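Data block below; observations after.
Throughout, read-outs are computed from the coordinates displayed, never taken from laboratory work. Nothing here was measured: the structure is a model prediction, and the numbers come from that model. Neighbour counts are summed over all protein chains in view; Cβ atoms, including those assigned to glycine, are modelled from backbone coordinates with ideal geometry.
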Amino acid sequence: IDATPLHVAMGLELNAKPGDFEEDDDTIPPFLVTFEGSARGLHIDNVDTVFVVGRPASAASYLHLAGRVGRATTAEDGGVVIRPGTVVSLCTKGSAIELTKWTKQIGGTDLEELVL
C-alpha cells in the first residue's frame, strides 16, 4: 500500500521545505496515515474514505474524523455540492456498540457490521 504519514505529506516533519505539500499535486499518495489528535482542523479535498482504527475518545472526535469525507465543496456555478464518502471503523465488538450510539446521536446512517 502506498501510504505516507500525514505530517510528512504536509511537509510538517523537521526537514520540510516550503511548498512540499500541495493538495493538487499528483504526488500525494492514495493513503495518508495519522492519529486522532493530528487530524483536527485539517481540510484535504477529495477524501473518499476514512479508516478509523480503534475507538475514538468521544462522539465529537468520531464526528470530526468521519467528517473528513463527504465534505461540502463549491461547484463551478457557485452551488454547494456534498461529496459522498465512506467511513470504515475497525474496532472491537464492545466499541462497535458505542460507535453505533454515536452515529445515531449525530444523525448518521446505520452501521454495517463485518465480522472477521
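Values computed for the structure shown
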{"read-out": "Of all residues in the range 60-116 being in a strand (DSSP E or B) and among the hydroxyl-bearing types (Ser, Thr, Tyr), the one that is nearest to the chain's Cα centre (by Cα)", "value": "Thr86"}
{"read-out": "Candidates Val87, Val81 - the one that is without any contact (Cβ under 8 Å) to a residue 24 or more places away in the chain and either of a type in the set (A, V, I, L, M) or surrounded by 12 or more Cβ atoms within 10 Å (Cβ to Cβ) (or both)", "value": "Val81"}
